[in-house]
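J.: Let me begin by handing over the structure; questions about it come next.
Computed from the coordinates by the stated procedures, all read-outs in this text should not be read as laboratory data. Worth saying up front: this structure is predicted, and the values here are computed from it rather than measured. Heads up, the Cβs are rebuilt from the backbone with ideal geometry, glycines too, and the neighbour counts pull from every protein chain shown.
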Amino acid sequence: MQAIKVLDGGFSTQLATHVGDVIDGDPLWTARFLATNPKAIISTHLDFLNAGADIILTNTYQASTDGFFKHMSLTEEESLNLFCKAVDYAKEAVHLYKKDRTGEENVVNDNPLIAGSIGPYGACLHDASEYTGKYCSSVSEKILIDWHRPRISKLIDSGIDILAIETIPCKQEAEALVTLLKEFPNIKAWLSFSCRDDGRSIADGSDFQDVAIQCYKKASPGQILAVGVNCIAPQNVSPLFKGINGNCKKEFVPLVVYPNSGEKYTVESGWMKKEKGFTLHQFIDEWLNLGVRYIGGCCRTNVEDIKKIRTEVELWQTKES
């Protein structure tokens, strides 16, 4: 049985415990702190490692050269250097985590990995279009590939272990990224989509299972570690996954999921209250049984959620062994 990997949680939620600032309204979101508060970035990574995360994601989801130029007047070289710094900060957190555990026995996550976070083109627009994909009809595949290439290249050159391609809202961008990945044959990635609440569709209306499986199969063999969803209410995950790894399937497809807390975000109103009666943790066994092999939290989740996920994963693995 493939090992289950626990991911980290909502970076902005946990970062706020260190900086005490309003983060969500910033057009650069947490990426601004790569330049302004490196210590808080490292501390946030370390929080998640101490909570039991096997994999931490770099703070680069909303980072882009055009965004840094527009909002911080940074040159392209200075902007790309912040991607390198983001990896350095994650590495420092891993170093501190390992140092603190020198000599300890039975450390659960004794060799944490670093995933380079690659958010969608829509994230840099700061208009919540990563939840609609509305930009994809007016942006060509070439533009998408050329926009993502320097970000991916810099993260790889800086020494990440894997790529976390996340919150992708449209078929066109997912296919462009799969094509782009072939330029980097030595890196592996997971591909995670932004989905609607209907249990069927990614944000642009395309069928989730069709797009996810097509991308999984079109990628170079073994390059896509998992396909799945993130930043979705936990109660809407299972309908998207059911049937992918049914008994009639010849090939097992590893899945990745890191839902949000169940709250909804709008640019105008911020985070709205979640639907009552659902928690992330109540679905973990169900997701693992459907084939999830990478699991964590997204927006509005924190270290307490990752601790609970770690516990549930270990219980499930004990039952399955």
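J.: Using the Kirkwood radius built from alpha carbon pairs, what does the Stokes-Einstein equation give as D for region 139-221 at 10 °C and 1.306 mPa s, in µm² per second? Intermediate results must be reported in sequence, preceding the final value.
T.: Values: Rh = 13.2 Å.
Rounded, D is 120 µm²/s.
J.: Could you give me the percent of Cα pairs per 5 Å distance bin for region 27-146, shortest bin first, beginning at zero and ending with the bin that holds the maximum distance?
T.: 2, 11, 19, 19, 16, 13, 9, 6, 3, 2, 0, 0
J.: Take residue 157 and residue 289, extend 7 Å from each Cα along the Cα→Cβ direction, and tell me the distance between the two endpoints in nm.
T.: Here the answer is 4.8 nm between the modelled labels.
J.: For region 91-170, what are Rg and Dmax over the alpha carbons, in angstrom?
T.: 17.4, 56
J.: Taking H placed 1.01 Å from N in the peptide plane, check which residues at least 5 places from residue 292 or on another chain put their amide H under 5 Å from its amide H.
T.: Under 5 Å from the amide H of residue 292 lie the amide H atoms of 255, each far enough along the sequence or on another chain.
J.: For q = 0.08, 0.13, 0.14 Å⁻¹, what log10 I(q)/I(0) does the chain give under the Debye formula with an equal point scatterer on each alpha carbon and no solvent?
T.: One equal scatterer on each Cα of the chain leads to -0.32, -0.91, -1.08.
J.: At 0.36 nm per residue, and after removing the present C-alpha to C-alpha distance, how many nm does the segment from residue 314 to residue 282 gain when stretched out fully?
T.: Values: separation 32, 0.36 × 32 = 11.52 nm, distance 1.46 nm.
Full-extension gain reported as 10.1 nm.
J.: Let me know the volume per residue of the alpha-carbon convex hull for region 1-89, in Å³.
T.: On the way: hull volume 9.0 nm³, N = 89.
With only Cα atoms used, region 1-89 gives 101 Å³ per residue.
J.: On to the next question. Treating the beta-carbon of each Lys and Arg as +1 and of each Asp and Glu as -1, no other charges, what is the dipole magnitude of the chain about its Cα centre, to the nearest 20 debye? Intermediate results must be reported in sequence, preceding the final value.
T.: Working: 34 positive and 42 negative charges, 98 e Å.
The dipole of the chain has a size of about 480 debye.
J.: Name the longest site-free stretch of the chain, where the excluded sites are chymotrypsin sites (Phe, Trp or Tyr not before Pro) in a DSSP loop with no more than 16 other beta-carbon atoms within 10 Å. Present the calculation step by step, with values, prior to reporting the outcome.
T.: Details: sites that count: 252, 278.
Longest site-free region, per DSSP loop and neighbour criteria: 1-251.
J.: I want the antiparallel fraction of DSSP beta bridges within the chain, as a percent rounded to 5.
T.: Details: 5 of 31 bridges.
Of all bridge pairs located within the chain, approximately 15 percent are antiparallel.
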